[in-house]
Each structure stands twice: as structure tokens, then as C-alpha cells.
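Structure first, commentary second.
The values are calculated or read from the model by the stated rules, or taken from the named source; none is laboratory data. Predicted model, so just to flag it, every value in this text is computed and none were measured. Ideal geometry is used to build each Cβ from the backbone, glycine not excepted, and the neighbour counts take in all protein chains shown. We work out accessible area using only protein heavy atoms, side chains counted, and drop any ligands, DNA or RNA first. Shrake-Rupley method; radii C 1.70, N 1.55, O 1.52, S 1.80 Å.
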Amino acid sequence: MATKPALYGLTCSVRACLVLLISVLLVSPFDYKTDHGFVLLGVQAFAMKTISVTRGIIEPDNFFTGEDLLLQQSKELPGCEYDGGQILLSHPSSLAPENRQYGTANLMLEAAGITIDRINNERCGVKVDGKSYALRLKTYSDDSDKNKTAAVTRAIVNESDFMLAGYTSGLAAFQTPVAEDNKKLVITAGSSSTSVHSGKKYAFGMLPPASAYFGNAYRAMAQLGARTIGFLYDDDFTSCKPEFAEAYGFEVIYTFAIGENKSYDVFDEAAYNVSRLNPDSMVTCSRLTPEHWVNAMRKHNWNPKAQVTFGNVPLEEAVGTDAQHMMTVSSWVDTLPHIPDAVTGWTPKEFAIEFETAAHRPPDYRQVAQSAAISVLVQAIESAGSIHDADKVVEHLQNKTFDTVYAKVSFDENGQNDATGLLLQYDIDNVAQVALPESLNRDFEIVYPMPSWKKRDCTLLSDCLRNNGDCMDDGTCSCPSGLIQFGNGETASCKELPSEDMTYIGSKFLYVGYSYVVVQCITSAIFGAWAIWNRNSEAVRASQPMFLHLISFGCFILALSIIPMTFQGGYRYYRDPDTLEPTHIFNDNIHNVDKSCMAFPWMFGIGFGIVFSALFAKIHRIREILASAIEFRRKRVQARDVLYLIAVVLSIECTILLVWQFVDPLLWERDIIRVTEDAFPLQSVGQCTSEQGFIFWLFFISFNVCLLLYALVLCYKTWNYPSAFAESRWITACVISYIQILLLAVPILVIVKDDNNIYFFVLTSIVFLMSMSVTLFIYLPKVVSFYSASAEGNLGQISLQFARGTHRSSSNDGPSVLISGLGPSMDNFESSSMRFNQVVPLRTNDMVERVTSAFEEPSEEHTKTKSQSSSQPYQVSESIVEENQQDLESGKVTSSSTADETDVEKGH
């Protein structure tokens, strides 16, 4: 048992030495025509035969047998007699798995094997002069090397009857010159280069010329409108050359020749560069890596309008469903017309079945071309009736047409197949259909431009079509009525999803809000028009028309602030259809909603500021006049004396709003509050919000509340003033109603914040109540007074009677003071023609002290007068009445005489 390992080791050493010797011999240049060269050829042939055996490339269960060469032998059927002997076919091929072209070579060898078996076993060989000849095939290893291919050819050319060439133009170019010099007929099954056959009588090619191979592809793309083209090809791909496209009018804007490095990074860089140029069509020719190119295009989300791909690996096998709508060129498909092969009897479809049974995969054009090459050779031999007369066989090859599984074959003057390449396009089922020539498939229409990757993913991988939807270019699914599109690309589908409750404000509540606006605006307009129409009446002039107009205008603005609250929107950013997460794509419709968010505080603030400042100025004016009157001082109160109060209030309001607007304005946001198990939103709520919004709302409300409280203090101090001219009680009612509304509104709004309908109703009701309450409290008393004046005269006439002394206070409880000048318009007190006088009883000295101390400290003279008359009632002298009457007639208005001008008489 120990001798076998020793012998095996010795054998391996001998083989290693032989391999080293062969390496030296193969790289040594020699001329095979010299005697010395023949010696070298013998050594090389021996070495190569030894390599084939020692590498163990023998398939005993298949049709490979032999001790020194790989010799294909057929299983002879009973009854077949090969009385003529054998016809030897030989060729170099890649036999080792590590060889670059091993995959292609092995498949072509498989095709040759089943074809020879068919000829030998089914028809009992080749028939020449009534004799049968068995076909034999010898295969030598060339290691996918050009130099070794030439060396093998030199070694086997003389012992072969006929030769088969390699599987690429690059290798065949080193074989045909040797065969031509030795007048040995050679048929190439994988070469389309014209230079391989040009000027060579004994070389014939089964493939169309490289210049014509893509002819139908260029013609079709030009007819469809493509004008620019890009090329990406292996540097030794002779049929994939840019100059061939230029002949059809294309502008070549990108070319890249792939060298030995065929990694993904090379294709990724090429896809990036070509996507920026964006040619209409793209031609890629790579023998082994079509998937790299497709993956790179997908990465950069780019695809041309037409993509033509050509290589050794079937496209549908390399890239799967991504082959959909891509084009490829070929010289054969199994759907060609069912013309039986004249030698094997196979139709294209039958050959495809036989090959797939043997090789466990469908054939492509190269395997078919290999089978057809053997069939053409047999037909030419039998037609010429000669095996050894190569010239006679060549003549029949040049002049006849042959029926093969490759279709009808005839050769041009250059010895190449004069057919043009077929243009194929993969249909929606990922099946290659013949697009051109049209005669082979009249029902197929080329898809141009090619759909986007997203659309193809949607078409092939998603449930869109199964749900009766239609895939769009962006990869989404256009769904039938009642279904909602979901996902994109391979996730696109139509689903019956629950509708999302956007919690929009209901139409009924919106109508309520609009009704509030209409009612308040009409009310403000009516009362404002009434005040203008009756501007010369004493009731209106007594109530200061400017204040009335400001109140009407402010309430009008307050009511209009309801309108921005009716604006609503969806999500601020569009949501991703796959993840339902917000994207960075802004919803342009939200711009208007954002504007309305800040429009509400602006309109509310301005309206409230105008109304409140008018009330505040009015009560402040009353306080000033009464305080002066009680001190027996003459004081003129002009418009500018109170307008500054309005300006100050509005300025502060606007300052707060401006800072808010620029620092952190309110923006529309929608939040999901309920979702399904699939994360589909069931309910969401939208609202105006900002990060610092609460702080600004706090400042805004606090300022106005402080003003209201201060106004309430002033109202309290003027509560007992005569309401016929001061209106202090009605103003007090307005202020108190504002405070009550705010106290109730804030907690209610917090409670109903998440219910848009109730929140909207409460907020609009608050605004309406604030505006309507002020309007009614201020205007209704004036209207009632205006239309209920007594027959004795209006309020001004009654006051005038008091001023002239025709009526005295009936009170005996204390002194009385004549107060004038509280009624006329504050626009121009000096020009007023109306005087508003009334006697105010002052019951005791304590009352005088209380009133005077409430407003400001009395003067020394007033204090002296008060001490002198502490025990008796007193009244203003008649001179004051006369002076006031003169002022009334001259248009001057005073609050009272000063202490220096007042003559107080006791007991008058």
C-alpha cells in the first residue's frame, strides 16, 4: 500500500517538471515553418497532451475518453457500420475551471458533443460516396491564452481533417492564420470580427460581422428618436465599437473601455459619469459582469431611454427581473421559425430542450452556433462528396444555403454569415422577444423609452397589478376606486385603508364663526353709521364721537380676527408612503395657514387695543375733568391730552406682536394622536404652535389683563359720577365683562384644546362676546337716551337751565358744585357750541375731602375757603354761572373756574 503514494508523488514531480518546461517553450518565439520549429512543435504538442491528461480534465461519464488526448467518442448504436472510417475534428478550448473562458468553452463543448452524438447515433455518421464516417472531436487545452491557442493550432493542424475555432474573436484571430497557411478548413462559432476572416479562403464564421451585429439595434433606436449614445465595453469586444453607431447618425457622448479590472467600483464610476451626461441610449458589452452595471445604474437612480446589453451570460440569468424592457442582440432565439436542421433534424426549440437536458441550462446563440457549425460542415462535405479535398468543400460553403438550428445560413464574400443580428427586448414577463426583424414577430412592439427602475420594480415585484392597479413612472401604484396606493417600487400596492380623521373644524361650527363675524360687523357698521348721522345731536356729542368711532372700528377688527381661525391644513411636510415618516418635502399649501396663525393674534391684539384704549382714555378723561371741577379749577382737555394714551397702548401691543412675529412665530403643525397596527394614522389634530409661543401668549395676555385691572380701579373711583355724561358705569360694565370672559375662557380652552370643533366654538364665542358686549354697553344707552328725550328739551337744554340758576339742587344736605365741559367732543373743545352743565350736590365737608383726596391734593385757597364755610351750605356764585354761560355762547369749554376766579358766598 505504501508504494502507491510514492509513485503518486513521483508522478506529480514529473508533471511539475513538464509544466515548467512547457512554460519555457510556450514563451519562446519560433517559426513553425522551419525544421527546428517542427521539432519544437512536437515537444509542445506532447507537453500539451500531457497537461490535458495530468490536469485530470476527463469526464468518464460523458463523451470524453482517451489516454493522451481528450477524444470525444460516440456511443455507436447497433446497426451502424462506419465503413468509411472517421472524420477527425479538433480544436483548442479552455478545459480548466480556473481558465478565464472556461464557462463559455464548456457550454460550447457540450453543444458540440450532443450534436456529434446525434449525427453518429441517429443517422449513422456522415455519408460520403456511399460510405459512413464517424465524427470524432479532439479537444486541447488553451488556458484561454492567445499564444497557447496559436501553439495548439500549429500542433494539431496537420493531423486534423477539419478544425473548429475558439469562442471569441480574440482567440480565433490566432487560429485562422495557421489554418489558412496549411489549407485547413476551419469554422468559427464565436467570432464576429471581420479581420479574423478577411482574406482567408479556408475560414468561415457562423456569426454575422461585428459591424452588422448591432445593426438592428442602432436602426431601431434611431427610428424611435434616440440621438445620443454611450458605450461601455470590454476592450477586446470587437462588435461593440462606437464607430459602428456613428454610421447610423448617433452622437457618441460617452465611451469607456473596461480592462482587466471588472470590479463593481469600475462600473459604479462609469454609471456616475454617464448619468451626468444622460445619453438617450446606452450599449454595454461585458462578458461576465452585466449585474455590476445594472446595480450601478440602480444606485445612481439612472437608466437611459434604451439599454442594449450584450455578453456571454444570459441577461435574465445575470440580473433577474431587472432585464425587463432591456434590449440585447443575438443571432438566435428558440422562437425562430421551426425549420428543421438538415443534418440533426432538430428545430430551434427541440435543440434548446436537448441542450438544457444535457447542460441543465438553456442555450444561447454561441452554443447554437457551435451545433450549426458542425451541421454546416457535414452538409458541405456530403454535398461536395469529399473529405480530403478542402477546396471542393470550400466551394460548396461559398455557394450554398444551409438549414440549421441557427436558421438558414449562407456566407458572404468574406466568409461570414450574411445575416444581421436579432434585436431582442425582454417583455413584462422577463422573456426575450424578437423585436427586429419584424418578420419574425409582427405582434411585438418595442417599449421606448424604458420605464424607470421604480416602475419596473412595481410591475414585476409588487402586488400592484394583481390588485388591478397600474404602475406609475415614480413607482407608485394607481389604484382602482375604493383602494389607496401604498408603498413604492416593489412595495407598491393597493390597500383598503381606514380614512384618517383630520379633525377639521366642522362646517356647522364654521358657519357659527362666520355668523359671529357677520353679526358683529353689521352691528358695528350700523352703530357707527348712527353715530355719524347724529353727530350733531347732544346725546352723541356728550358721549365723545371720536371714542364711539374708535370703539366701533375696534370691535369690527375683533370680529374679523375670527376669519383666520377658519384656515386649516394637512401635514406640514409630506409623509413617506413606505414609512409614513415626515419627509423633507414641504407642503406648499401650509404657507397660507402659517400666515393665518399669526394673523389671529395680530387682529385680536389690534382690535382689543383700540377698544380698550378708547375706553381707558374715556374713563381717564372723566377722572381728570371731575378732579379739576371739584377743586374749582378751570381745565381744558384737548384731543392730544388723551390720544397719547391710545398711542401708548397700541405701541406696546404692536411691540409684543412684532417680537413674537420675528423671534418665534406661530406655525401650523399636525400631530398624529391615534394609529392602526400598521402605523397608518387614524386621527390627527392640527394647531398653530411654536416653541416659545406660550411665553409670548403669557406676555400678551398679562399686559392686557393689567390694563383691564387698572381700568377697573379707575372705574371704581368714578362709579358715583353722574352717568348722564360720564358713562362710568357702562364702561365699568365693559371692563368687568372682559375680566369675567377671560377668567372663564382660559381654563375652558385648555380643557377642550384637542377637540377642534369645541375649541373653535369657544374661542370664537369669546371674541364675539368681547366685541358685542362693548358695542351694546356703549351704544345702547346713547340710542335709548336719544330716542327718549323729554318734551321739555334735550339733555343739553336741561343742563343749561341748571347752569342759569332756574333750577337748584333740592338737596339740603350740603353744598353743590356746578360742573361744566364734560360733554363736548374731544376733537376740539374750543369750537364746541354745546355746554353740558349739571349741579352736583356735595353733602358734607367730609364728602369734599373724600372726593378731592381721591384725585389730587386741593390747593391752599381751596382749603381756606373750605374752613370758612364748614358750618354752612354754600353754592357757586352767580358770576360763575354767568361766566359759564358766556363760555357756552363763545364756544369755550371749561371744567370749572379756578379758585382765584371763584367767589364763594355763604348763604346765597
Theoretical FRET efficiency, 1/(1+(r/R0)^6), r = Cβ-Cβ of residue 301 and residue 256, R0 30 Å, to 0.05: 0.95
Spin-label pair residue 780/residue 273, simplified geometry with 7 Å Cα→Cβ offset, distance in nm: 8.7 nm
Full-stretch length increase - residue 339, residue 195 - with 0.36 nm per residue and alpha-carbon distance subtracted: 48.7 nm
Positive-pole candidate from 609, 565, 599, dipole of the range 563-610, charges at beta carbon: 609
Fully extended contour minus Cα-Cα distance, from residue 439 to residue 754, at 0.36 nm per residue: 106.4 nm
Euclidean distance of C-alpha centroids, the range 84-107 and the range 541-607, integer Å: 83 Å
Part-to-part distance (alpha-carbon centres) for the range 117-150 and the range 225-275, which is given in Å: 38 Å
Net lengthening on full extension, residue 522/residue 159 (0.36 nm per residue, minus Cα-Cα): 119.1 nm
Prolate/oblate/rounded label for the range 249-302 (Cα gyration tensor, a/c 1.5): oblate
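Tell me whether the range 455-573 comes out rounded, prolate or oblate; compute the Cα gyration tensor, take square roots of the eigenvalues as a ≥ b ≥ c, and use a/c under 1.5 as the rounded threshold.
The shape class here is prolate.
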Among 166-173, 776-783, the order from most to least packed when residues are scored by Cβ within 10 Å on average: 166-173, 776-783
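Cross-link list 131/400; 131/349; 148/241; 184/400: which exceed 29 angstrom alpha carbon to alpha carbon? Spell out each step's value before the answer.
Values: 131/400 23 Å; 131/349 31 Å; 148/241 27 Å; 184/400 20 Å.
Checking Cα-Cα distances, 131/349 exceed 29 Å.
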Sorted peptide list for 658-671, 178-191, criterion being average Cβ within 10 angstrom, highest first: 178-191, 658-671
Solvent accessible area, Å² - residue 98, 1.4 Å probe, full protein context: 140 Å²
Against the rule of thumb 2.2 N^0.38 Å, how large the Cα Rg of the range 97-174 comes out: 1.26
Rounded to the nearest 10 Å², the accessible area of residue 354 at probe 1.4 Å: 80 Å²
Value of D in µm² per second that Stokes-Einstein yields for the range 294-424, Kirkwood Rh from Cα pairs, at 37 °C (0.692 mPa s): 197 µm²/s
Accessible carbon and sulfur surface of the range 304-400 relative to its total accessible area, %, 1.4 Å: 49 percent
Centroid-to-centroid separation of the range 398-474 and the range 339-363 [C-alpha atoms, Å]: 20 Å
Rounded D (µm²/s) - the range 175-236, Kirkwood Rh over Cα pairs, Stokes-Einstein at 25 °C, 0.890 mPa s: 179 µm²/s
